[in-house]
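The values are calculated or read from the model by the stated rules, or taken from the named source; none is laboratory data. Computed from a predicted model, the values in this text were never measured in an experiment. Glycine gets a Cβ as well: all are built from the backbone with ideal geometry, and neighbour counts include every protein chain shown. SASA here: full protein model, heavy atoms, side chains in, ligands and nucleic acids out. Shrake-Rupley method; radii C 1.70, N 1.55, O 1.52, S 1.80 Å.
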Amino acid sequence: MSLPNELYNAKFAEYLESLKILYLIDDQFKSICNEYCSSREKTEKYKKKFEKNFRHKLEFENLSKELEEEILIYLIRNDSNA
């Protein structure tokens, strides 16, 4: 059984051999590592969702501003024609 990719981390680099051994022989340590990996995966998932949602939010904010300007221009032109 190999280590999950999330454990190949700069913070753990100097302990990689110990990490591999403990992951294989110590169920409690393996459980902690698996929870850590799950947490990292979820963090990345929600980070991507946040970035996607933030991008959509910006697009709609920009569209709203453009449409506000269009409405104002339309109202001003109609008001001057009245």
Item to complete: Would you check if residue 68 is part of a helix (DSSP H, G or I), over 30 Å from residue 3 (Cα atoms) and either of a type in the set (A, V, I, L, M) or open to solvent by 100 Å² or more (accessible area, probe 1.4 Å) (or both)?
Response: yes
Discussion item. I'd like the residue in region 1-24 that is among the hydroxyl-bearing types (Ser, Thr, Tyr) and over 21 Å from the mean Cα position of the chain (by Cα) and, out of all such residues, is least open to solvent (accessible area, probe 1.4 Å).
Written reply: 23
Worksheet item: Can you tell me which residues in region 25-73 are within 19 Å of residue 11 (Cβ to Cβ) and within 12 Å of the chain's Cα centre (by Cα)?
Response: 40, 41, 42, 43, 44, 47
Worksheet item: What are the residues in region 25-62 that are among the hydrophobic types (A, V, I, L, M, F, W, C) and open to solvent by less than 80 Å² (accessible area, probe 1.4 Å), if any?
Response: 29, 33, 37, 58
